[in-house]
Amino acid sequence: MKCPYCGYLESKVVDSRPADEGTSIRRRRECLACHKRFTTYETMESLPLMVIKKDGSRQSFDRGKVLSGLIRACEKRPVSYQTLEGLVSEIEQALQNQMDREISSARIGELVMERLKKLDEVAYVRFASVYREFKDIDTFMAELNDLLKNK
């Protein structure tokens with residue numbers, strides 16, 4: 001790491017700690033030539049995820065869209081905004097950990113429903129009714145019966 005004071009190319013790490021809620025690492029360094037200290041931040045490079053929509057079109061992953069869907073599903077439910085943001089981060093991390101850079105919108109929907117089912121069953125049914133496009137009350141009841149059966 002190049003020293004910002006003297007330009008020397010070598011330094012030693014004096015201290016490391018997580019920063020930005022664990023998404024980066026803050027390092028205190030000391031230049032081996034002038035002995036001045038400076039701070040660097042290390043972040044993981046993330047490749048953009050492409051979402052393949054139902055119609056075959058592609059667009060980049062937008063965590064805001066996932067969050068807004070969750071907010072609508074959890075409206076008037078006892079679920080905090082921080083919990084929803086954590087859920088979106090968990091989903092995004094799961095997608096980043098996959099080897100594919102292209103993911104279907106169906107897979108994202110399934111990941112959301114898996115987590116919502118554990119978090120709040122009413123929000124899960126709301127999300128599933130829109131996501132799975134329930135056509136009639138029988139389809140809706142079948143989902144509710146499945147939910148009750150698996151309790």
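If only residues of region 14-72 that are within 20 Å of Asn97 (Cβ to Cβ) and among the hydroxyl-bearing types (Ser, Thr, Tyr) are counted, the one that is modelled with the highest pLDDT is Ser60. Do we find a residue being exposed (fewer than 13 other Cβ atoms within 10 Å of the Cβ), without any contact (Cβ under 8 Å) to a residue 60 or more places away in the chain and not aromatic (Phe, Trp, Tyr) anywhere in region 118-125? Yes, region 118-125 contains a residue that is exposed (fewer than 13 other Cβ atoms within 10 Å of the Cβ), without any contact (Cβ under 8 Å) to a residue 60 or more places away in the chain and not aromatic (Phe, Trp, Tyr).
Consider region 71-114 and keep the residues that are in a loop (DSSP other than H, G, I, E, B) and not charged (D, E, K, R). The one that is surrounded by the most Cβ atoms within 10 Å (Cβ to Cβ) is Cys74.
Within region 16-30, can one find any residue that is out of contact with any His (no Cβ under 8 Å at 6 or more places or on another chain), of a type in the set (Val, Ile, Thr) and within 26 Å of Glu121 (Cα to Cα)? No, the conditions are met nowhere in region 16-30. Of all residues in region 26-41, those that are without any contact (Cβ under 8 Å) to a residue 40 or more places away in the chain have Cβ atoms under 9 Å from Cβ atoms of residues that are of a type in the set (Asp, Glu) and outside any strand (DSSP E or B), 6 or more apart or on another chain, in Arg26/Asp20; Cys31/Glu10; Leu32/Glu10; Ala33/Glu10; Tyr41/Asp20.
Scan region 46-70 for residues that are under 17 Å from Glu90 (Cα atoms) and assigned to a loop (DSSP other than H, G, I, E, B) and the total you get is 6.
Could you list all residues from region 65-91 that are among the β-branched types (Val, Ile, Thr) and closer than 20 Å to Met50 by Cβ? Listed by number, the residues that qualify are Val66, Val88, Ile91. Within region 126-141, the set of residues being exposed (fewer than 12 other Cβ atoms within 10 Å of the Cβ) and hydrophobic (A, V, I, L, M, F, W, C) comprises Ile137, Met141. Residues in region 1-45 that are surrounded by fewer than 11 Cβ atoms within 10 Å (Cβ to Cβ), of a type in the set (Gly, Ala, Ser) and in a loop (DSSP other than H, G, I, E, B): Gly7 only.
The values are calculated or read from the model by the stated rules, or taken from the named source; none is laboratory data. Only a predicted model underlies this, so the values are computations on that prediction, with no experimental measurement involved. Here the Cβ is made from the backbone with ideal geometry for all residues, glycine too, and neighbour counts use every protein chain on show.
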